[in-house]
1. Can you tell me which residues in the range 302-312 are touching a residue at least 60 places away in the same chain (Cβ under 8 Å) and assigned to a loop (DSSP other than H, G, I, E, B)?
2. Out of curiosity, is ILE344 β-branched (Val, Ile, Thr), surrounded by 24 or more Cβ atoms within 10 Å (Cβ to Cβ), assigned by TED's automatic domain parsing to the domain that holds LYS385 and closer than 23 Å to PHE231 by Cβ?
3. Quickly run through the range 145-163 and pick out the residues that are without any contact (Cβ under 8 Å) to a residue 40 or more places away in the chain and either closer than 20 Å to HIS83 by Cβ or not in a helix (DSSP H, G or I) (or both).
4. Pull up the range 164-193, narrow it to residues that are in contact with a Pro (Cβ under 6 Å, 6 or more places away or on another chain) and not in a helix (DSSP H, G or I), then point me to the one that is surrounded by the fewest Cβ atoms within 10 Å (Cβ to Cβ).
5. For the range 231-241, check the following and say yes or no: at least one residue is assigned by TED's automatic domain parsing to the domain that holds ASP392, over 29 Å from GLU49 (Cβ atoms) and without any contact (Cβ under 8 Å) to a residue 24 or more places away in the chain.
6. Any chance the range 111-125 includes a residue that's of a type in the set (Gly, Ala, Ser) and within 26 Å of LEU11 (Cα to Cα)?
7. Evaluate the following for ILE378: is it more than 17 Å from SER342 (Cβ to Cβ), outside the structural domain of ASN84 (by TED's automatic domain parsing) and crowded, with 19+ Cβ neighbours inside 10 Å?
Amino acid sequence: MNKIRINLKDLLMCISNAQDLVSPKLSNHHQQVAYLAFRLAEQIELSIERQKNIYFAALAHDIGALSMKERLEIIEKEPFTIHNHAFKGAKLLEEFKPLKHSAKIIKFHHLPWNYGEGRFYMGEEVLLGSHIIHLADRTCALLPQNAGVISALPEVLSKIKEQSGSIFQPEIVEALFELSKKEYIWLDLISNSPLKMIKDINLLNILVLEIDDIIDLSYVFSHIIDFRSSFTARHSAGVAKTAQKIAELNGFSPYECKMMLIAGYLHDLGKIAISNDILEKPAKLNEEEFNEIRTHSYYTYHLLDTIEQFKTINIWASYHHEKLNGRGYPFHVGGDELPLGSRIMAVADIFTAVTENRPYRIGMSDDNTKKVLNDMVINGDLDSKVVQIVTDNFETINNIRESAQQIAAKQFNRFMLYL
C-alpha cells in the first residue's frame, strides 16, 4: 500500500467543511474567512510564512465552537462569551506542532483593537494575524451570499469604517478598502470554493504531513467530535485503539494498523453536523431523531472523500454502520463488497459503545458484550471471524479500550477545567 502524504490544508478543509454543515448560514464560512484573511495578509505584504500561519488559522478559526448553537451564535453576532470558542480552539490545536503558531492567532481572533490596547491581552502579545482574522470574519458575516455582493459592499465597508480603531486595527481596515476596489476578490469570496481561487502554489504546499503527523491531527479532530458532550467524550479514542488492535490481531501490517487508527479517530466526523440535543438524549430516540443521527456516516464519507489519499481510510471509517447482510446504512453495502477494514471498524464501534460507561448508564459486562456481538453474527450483521478475534482476546482488547478512554477522559476533564 502506498505511503500516505497529504497537505495540512486538506485535513483542515475537511474539519472546517464539517463545521459548516450545521446550517446554510455557515456555508463556506471558514473558506471565506481564510480567503479574505489571506488576501488581507497579502495586501499588507506580510511574509509568506506569516501568510501561511494566518491562512491555516483562519481555516480553523471556529474549531473550538463545539456545539451547533454556539457555531450559529458566533456567526450571527458577537456574544459576551465570544472568546470562549477562540480559547478552546487554541487549546485544542496548540499541542500539534505544525499548528502551534496558528493556535496563538486563533486564541484572540475576536479581541477588539481598542485603539491599540488590543496588542496585548492580560500580558500576552496578540498577533497581528488575530486582528486580520477578526476583520475577515466580521466582514464575511456582513456580506450577502449571492451575486449582489458588489452592490452591498459600500454599506458593509461603511459599517466596518465606523469601527476602525475601536474594534478593528486601522491598517487592516485600510487594506480591506484597497481590496474593495478589486471586484474579483468579492466574486471569488462568494464562489462555491473560494480557496480554489488562490493560485499561490508555494504557499499552499508548504506543510505536507506524514502518517504519524496525520495520526496526531486526527486525534485532535477526535476531540472536536467527542468533546461536544460528556456522553461522547471518550468514544472515538476507544473505537480507534480497539480497531487498531483487532487489525493487528487479524494480520494487518504496522502501517495499515496506523491507517486503522486514523479511521477510528475520524469515523464519527459527520456527527459534528448533529444536534447536541440528540447526541445527549439519554432516552430512546424517536424516528425523526434516529433518522437524523443516521446521516452522520454519510457526512463522514463525503467529508473524507475530498482527500484523495484517504480512500481506504474513508471506506474503513464511513462504513462502520454497514452490515454483512446489507441492512446497514447509509449505503447498504454488504457481503463481499464490505471490506475487512470496515467490518473491523463496525465491531470496534459496537464493542466500544456497549462496554464504555456513559453518564446515564454503566457499560455491559463481559458476558453480555460477547452475547451482543455473537447475536449480531447470527443475525448476519457482523463478521464472525472478526468477532471471534474479539472474544478470543477479550481481556486484552478491553484493557486497551479502557486505557485509551481513561486517557481521553482525563484530557476532557483538563480541557473543561482550563475553560
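1. Correct list: THR306, ILE307.
2. Values: β-branched (Val, Ile, Thr): yes; surrounded by 24 or more Cβ atoms within 10 Å (Cβ to Cβ): yes; assigned by TED's automatic domain parsing to the domain that holds LYS385: yes; closer than 23 Å to PHE231 by Cβ: no.
The answer is no for ILE344.
3. Residues of the range 145-163 without any contact (Cβ under 8 Å) to a residue 40 or more places away in the chain: 148, 150-163.
Within the range 145-163, GLY148, GLN163 meet the criteria.
4. At the first step, the residues of the range 164-193 found to be in contact with a Pro (Cβ under 6 Å, 6 or more places away or on another chain) are 164, 167, 188.
From the residues that got through so far, the ones that are not in a helix (DSSP H, G or I) too are 164, 167.
Working: SER164: 18, ILE167: 20.
For the range 164-193, the residue satisfying everything is SER164.
5. If we filter the range 231-241 for residues that are assigned by TED's automatic domain parsing to the domain that holds ASP392, which is where we start, we get 231-241.
Still in the running and over 29 Å from GLU49 (Cβ atoms): 231-241.
Filter again for without any contact (Cβ under 8 Å) to a residue 24 or more places away in the chain, leaving none.
No; the residues of the range 231-241 include none that is assigned by TED's automatic domain parsing to the domain that holds ASP392, over 29 Å from GLU49 (Cβ atoms) and without any contact (Cβ under 8 Å) to a residue 24 or more places away in the chain.
6. First pass over the range 111-125, keeping only residues of a type in the set (Gly, Ala, Ser): 116, 118, 123.
If we keep only those that are within 26 Å of LEU11 (Cα to Cα) as well, we get none.
No, there is no match, as no residue in the range 111-125 is of a type in the set (Gly, Ala, Ser) and within 26 Å of LEU11 (Cα to Cα).
7. no
Each row is one residue, and each column tells you yes or no for (1) closer than 20 Å to GLU402 by Cβ; (2) small (Gly, Ala, Ser); (3) crowded, with 20+ Cβ neighbours inside 10 Å.
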{"position": "LEU207", "(1), (2), (3)": "no, no, no"}
{"position": "ILE224", "(1), (2), (3)": "no, no, yes"}
{"position": "ALA233", "(1), (2), (3)": "yes, yes, yes"}
{"position": "GLU248", "(1), (2), (3)": "yes, no, no"}
{"position": "SER253", "(1), (2), (3)": "no, yes, no"}
{"position": "GLY270", "(1), (2), (3)": "no, yes, yes"}
{"position": "ILE274", "(1), (2), (3)": "no, no, yes"}
{"position": "GLU287", "(1), (2), (3)": "no, no, no"}
{"position": "PHE290", "(1), (2), (3)": "no, no, no"}
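The values are calculated or read from the model by the stated rules, or taken from the named source; none is laboratory data. Source: prediction; values computed, not measured. Positions of Cβ are backbone-derived with ideal geometry, glycine not excepted, and every protein chain shown enters the neighbour counts.
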